[in-house]
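Peer 1: Got a structure for you, questions after.
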Amino acid sequence: MSKLIAYKSRGEYKGEPIYPHRHKDGTYVASPSRFEVDYVHVDTVEELEALVRSGLGTRMSSPDINQAASLITADNIEFTDSTSPPVTAKSVLPRLSEEAELDFDSITKSRKEQAFLRAHLSRGRTKAKCVLCENEYPLEFLVAAHIKRRSECSKSEKLDFDNIAALMCKAGCDDMFEKGYVFVSGGVVKNNEKRSTTPALDLLIRKIEGNIVSNWAGSSVYYKNHESQFNK
Ligand SMILES: [Zn+2]
């Protein structure tokens, strides 16, 4: 684990070092913006380091400076202690997903895993594209969707975060995919004619039908599994 450090860029304390800010509830905050709604709360500096390496900023302060914590962007944060290997989302997510699994009742833990994965996949951006409709949405309108059902993944597949999950929008795509109204075949979004729909849903499906997904190369094996569940 590295130590995270940044320096005040302006004002009275310009040049003074600042460190990850520990909030009253004991958590640290990673965020792509200074808006609270985008905050991803994490419990350890290790988890924080992983998200900063994914491109998120973090709230930082100094015990010696009597000023509110401020959001520092990832490119202004330095990692000290280069002797230890970097902590990345790939090294943190397995534990988070294990915790979420062991504790079935814990909505909090699955929410944490979901928030972490979404933050990692969006690389510190506040907006990102839905893989199916290709429209850009603010992060809170996107979910980190598992292409192959999570409960059916082997351990190694679960660790293949960048390929097993993708950002899908809450404006319909996540549900249309999860419930099998559409599937992806040969990299192209297809309407599943075996599912009965309504005129309103048909309109949504037609909008994304024929789109080419950007993650086919890495995720094709998972898309094929999804298709086999619904196209039979
Ligand atoms: Zn979408």
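Each reported figure results from applying straightforward, stated rules to the coordinates on display, with no laboratory input. Since this is a predicted model, take the numbers as computed values, not measurements. When we count neighbours, we look across all protein chains shown, and the Cβ atoms used for this are built from the backbone with ideal geometry, even at glycine.
Peer 1: What is the dipole size for segment 1-74, taken about its Cα centre, with +1 at each Lys and Arg Cβ and -1 at each Asp and Glu Cβ, in debye to the nearest 20?
Peer 2: So the dipole magnitude of segment 1-74 works out to roughly 260 debye.
Peer 1: On average, how much area does the Cα convex hull of segment 126-230 cover when viewed from any direction, in nm²?
Peer 2: So the mean shadow area of the Cα hull is 6.4 nm².
Peer 1: Give the Rg/Rh ratio for the chain, taking Rg as the radius of gyration of the Cα atoms and Rh as the Kirkwood radius, to two decimals.
Peer 2: So for the chain, dividing Rg by the Kirkwood Rh gives 1.04.
Peer 1: Mind checking which aspartates and glutamates have their Cα closer than 15 Å to the Cα of residue 224? Skip sequence neighbours fewer than 8 apart in that chain.
Peer 2: Residue 224 reaches 152, 157, 178.
Peer 1: Given H placed 1.01 Å from N in the peptide plane, which residues other than close sequence neighbours of residue 187 have an amide H under 5 Å from its amide H?
Peer 2: Long-range HN contacts for residue 187: none found.
Peer 1: Here is a follow-up. What is the spin-label model distance, in nm, from residue 107 to residue 23 if the labels are put 7 Å beyond Cα along the C-beta direction?
Peer 2: With each label placed 7 Å out from Cα toward Cβ, I get 1.8 nm.
Peer 1: Read phi for every residue in segment 216-223 and hand back ³J(HN,Hα) as whole Hz from Karplus 6.51 cos²θ - 1.76 cosθ + 1.60, θ = phi - 60°, with x for Gly and Pro.
Peer 2: 4, 3, x, 10, 4, 5, 6, 5
Peer 1: Straight distance only, please: which aspartates and glutamates reach the Cα of residue 24 with their own Cα at less than 14 Å, same-chain residues fewer than 8 apart left out?
Peer 2: Hits, sequence-local ones excluded: 43.
Peer 1: In whole Hz and in residue order, list the ³J(HN,Hα) couplings for segment 169-174 that follow from phi through the Karplus curve 6.51 cos²θ - 1.76 cosθ + 1.60, θ = phi - 60°; x for Gly and Pro.
Peer 2: Listing the rounded values in order: 8, 7, 7, x, 4, 4 Hz.
Peer 1: Projecting each Cα onto the charge dipole of the chain (Lys/Arg +1, Asp/Glu -1 at the beta carbon, about the Cα centre), which of 181, 83, 33 comes out farthest on the positive side?
Peer 2: The residue sitting farthest along the positive end of the dipole is 181.
Peer 1: Please list, ordered by chain and number, the residues whose modelled amide H lies under 5 Å from the amide H of residue 165; skip anything fewer than 5 residues away on the same chain.
Peer 2: Residues meeting the amide H criterion: 147.
Peer 1: Also, I was wondering about something else. Straight-line reach from residue 127: which lysines fall under 26 Å, measuring Cα to Cα and dropping same-chain residues less than 8 apart?
Peer 2: Output for residue 127: 90, 109, 112, 148, 158, 170, 179, 190, 207.
Peer 1: Between residue 151 and residue 16, what length in nm is gained on full extension when 0.36 nm per residue of separation is reduced by their alpha carbon distance?
Peer 2: 43.8 nm
Peer 1: For segment 124-163, what is the convex hull volume of the alpha-carbon atoms per residue, in Å³?
Peer 2: That works out to 82 Å³ per residue.
Peer 1: To the nearest 20 debye, what is the magnitude of the charge dipole of segment 1-124 about its Cα centre, counting +1 on the Cβ of each Lys and Arg and -1 on the Cβ of each Asp and Glu?
Peer 2: The calculated dipole for segment 1-124 is roughly 420 debye.
Peer 1: Right, next: Report the charge-dipole magnitude of the chain in Debye, nearest 20, computed about the Cα centre from +1 at each Lys and Arg Cβ and -1 at each Asp and Glu Cβ.
Peer 2: In total the dipole reaches around 540 debye.
Peer 1: Can you list the HN-Hα couplings for segment 73-79, worked out from phi with the Karplus curve (6.51, -1.76, 1.60; θ = phi - 60°), rounded to whole Hz and with x for Gly and Pro?
Peer 2: After applying 6.51 cos²θ - 1.76 cosθ + 1.60, I find 6, 3, 6, 9, 9, 9, 9 Hz.
Peer 1: Continuing with the same structure: For the ranges 16-23, 147-154, 40-47, 193-200, what's the packing order if you count other beta-carbon atoms within 10 Å of each residue, average per peptide, and put the highest first?
Peer 2: Highest-to-lowest ranking by the protection proxy: 40-47, 16-23, 147-154, 193-200.
Peer 1: In segment 151-176, which residues have a backbone nitrogen under 20 Å from the label point lying 7 Å from residue 200's Cα in the Cα-to-Cβ direction?
Peer 2: It comes to 169-176, nothing else.
Peer 1: Compute the semi-axes of the equivalent ellipsoid of segment 47-142, taking the square root of 5 times each eigenvalue of the Cα gyration tensor, and list them largest first in whole Å.
Peer 2: So the three semi-axes of segment 47-142 are 25, 20, 15 Å.
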